[in-house]
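Worksheet: the structure to be examined is printed underneath.
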Amino acid sequence: MIRKWIEAMRLRTLPVSVAGVITGCASALWQGSFHWVPALLCLMFAVSAQIASNFANEYFDYKNGIDRKGREGFRRGVTEGDITPRAMLCATLITLCMAAIIGCSLLLYGGLWLLPVGCTILLFAIAYSAGPYPLSHHGLGDVAVVVFFGIVPVTLTCHLQTGGWENIATLIATSVATGLLAANVLIVNNYRDMDDDKAVGKRTTVVIFGRRTMGYAYFLSGIIAMGIMMPMWFELPLWALSVPSIYLLAHVLTWRRLVHSCGAALNPLLGRTAANLLIFALLLLVTIALQ
């Protein structure tokens, strides 16, 4: 049973939320500030919010008839009968409460203005799959990922350590770049599930625009992400250019496999895309620490 819950957490995708916080820490360190307590709290909040969103996605997709048995993607515990819908709903609510408690502790570092921000984050964690207009069912999942796995975690993690909004243009560029790389994970997921999603009326961007177009979108996201971070690269030592170079090499290799794979063969590329983002974030942090 423990294994079923671990599968429901979708560990392969959790590096996405971790990477956003690490990139935020790198941005704070670049500004000459780093505090491990708020950084750790941001990490715990981001991961718990993503797990809650993953649980909610499994529960509400089952409830709305989106998932079916024998799907190409990773096994869905509720759909396959491994986990009861009630248990998954309870797990979603418990994880949301955990994220809320962790988020409240961040008020000590950022102030009360963080309260509506945290509530919005948790609301959208559920709105991704639930509500009268689920974002993931109407081609808005990619936008939500850019915002809530890129812009929000990077900027807030940085602000909670620096206490200000210095170098805001570069910070925004870094956060958008992180969001674009995170959105590629969703593209792989939807690329694999296009036929299943189309059959049940779930309009992801891959269903709307097709695999060919979104394959190019995957490729361009990586290129654009590295490009908009150029101001930071130029302010770092010349050897720091190895970071985008390493990422782009891994990105292109993953993209080539993406456009030549289908069905379950895409499952490893989901984790690889998330790992590419995490490795990029870690390399960025190490590079700034060593400059």
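Readers should treat all values here as calculations from the given coordinates under stated rules, not as data from a laboratory. Predicted model only: the values in this text are computed from it and were never measured. Glycine gets a Cβ as well: all are built from the backbone with ideal geometry, and neighbour counts include every protein chain shown.
Annotations
- Selected from Ile51, Val207, Trp30, residue furthest toward positive end of dipole (region 2-290; charges at beta carbon): Val207
- Per-pair calculated FRET efficiency, R0 = 35 Å: His35 and Ala169 via Cβ, rounded to 0.05: 0.90
- Prolate/oblate/rounded label for region 155-291 (Cα gyration tensor, a/c 1.5): prolate
- For region 198-219 versus region 4-50, the spacing of their alpha-carbon centroids is 28 Å.
- Residues Leu107 and Ser261, FRET efficiency given R0 of 51 Å [Cβ-Cβ distance, rounded to 0.05]: 0.70
- Extension gain, Met98 to Tyr133: 0.36 nm times the residue separation minus the Cα-Cα distance gives 10.1 nm.
- Part-to-part distance (alpha-carbon centres) for region 124-190 and region 247-291, which is given in Å: 18
- Placing +1 on each Lys and Arg Cβ and -1 on each Asp and Glu Cβ, with no other charges, gives the chain a dipole about its Cα centre of roughly 740 debye.
- Model label sites at Glu235 and Ile6, defined 7 Å from Cα along the beta-carbon direction, differ in position by 4.2 nm.
- Rg/Rh ratio calculated on Cα atoms of region 2-290 (Kirkwood radius): 0.96
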